[in-house]
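Any read-out appearing in this document is the output of simple, stated calculations on the displayed coordinates, not a laboratory observation. Since this is a predicted model, take the numbers as computed values, not measurements. Note that each Cβ is placed from the backbone with ideal geometry, even for glycine, and that neighbours are counted across all protein chains shown.
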Amino acid sequence: MQATADVPKKECSWSSWRGQAIDLLYWRNVKQSGAVFSSVLLLLFSLTQFSVVSVGAYLALAALSATISFRIYKSVLQAVQKTDEGHPFKSFLEVEIALSQDQIGKYADKIMLYSNTCMKELRRLFLVQDLVDSLKFAVLMWLLTYVGALFNGLTLLILAVISMFTMPVVYEKHQAQIDQYVGLIRTQVNSVVGKIQAKIPGAKRKEE
């Protein structure tokens, strides 16, 4: 009975995290989304100027300065007021942060599933199981060579973060127009792909 009772609890936890992420990206709470967005951007821009080691060291020093100062302040305050409130971070120190064996197994299974799926897909593309899909992949890699020449990985990560915090809001406000344009583009792409499949021998998919 205990095992079955834990399942809804895990599902609720996952749904809660997913709901919080959606609220964050859709700016349901402007202050919270703004704080996360600005913090992530500040970190990424810092990495463009300094090494990962330097940024990590500075962040650790800033965090330690804040916690040590607060600890000393609370200790002095308790000494002056002659109170015994204990360690100021006691509640945080008592929080359990270790992963259970079930959680480790669950995440390991997910990583294995994604890894196996990715390897099978790459094998299918590189060994040309479907000619059209392999050609699409080749075109994508060719386009990425130009993207890589213009932007480095960190710049792309910054653009990805900006897109994550702006695109959902833009889509929510202009969903009808965006869906219309996406539909037109998809129709044109499918038309071009269909013509290519008709002209390349062996490129037609087998009817299921």
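GNM on the chain, alpha-carbon springs under 10 angstrom: the most fluctuating residue among 80, 30, 40 is 80. With Rh defined as the Kirkwood radius, the inverse of the mean 1/r over Cα pairs, the Rg/Rh of region 152-192 is 1.15.
In a simple Cβ point-charge model (Lys, Arg +1; Asp, Glu -1; nothing else charged), the chain has a dipole of about 520 debye relative to its Cα centre. Share of Cα-Cα pairs in region 52-98 beyond 18 Å, in percent? So the portion of pairs separated by more than 18 Å is 49 percent.
With the cut-off at under 20 Å, measuring from each backbone N in region 137-155 to a point 7 Å along the Cα-to-Cβ line of residue 51 picks out 153-155. Straight-line reach from residue 199: taking Cα to Cα under 21 Å and skipping same-chain neighbours fewer than 8 places apart, the lysines in range are 136. Binning the C-alpha pair distances of region 75-128 at 5 Å intervals from 0 yields a P(r) profile of 4, 15, 10, 10, 9, 8, 8, 7, 7, 6, 6, 4, 4, 3, 2, 0 %, listed from the shortest bin outward.
Seen from all directions on average, region 77-180 presents a Cα convex hull projection of 15.0 nm². What helices does the chain have that are whole DSSP H segments, at least 27 Å long along their own axis by Cα, and with mean Kyte-Doolittle hydropathy of -0.5 or more? Helix filter hits for the chain: 30-49, 52-81, 131-150, 153-173, 175-199. Here the chain is treated as a Stokes sphere of Kirkwood radius computed over C-alpha pairs; at 20 °C and 1.002 mPa s its diffusion coefficient rounds to 91 µm²/s. Please state the shape class of region 10-92: rounded when a/c is under 1.5, otherwise prolate if a/b exceeds b/c and oblate if not, all from the C-alpha gyration tensor. Because a/c hits 1.5 or more and a/b fails to exceed b/c, region 10-92 counts as oblate.
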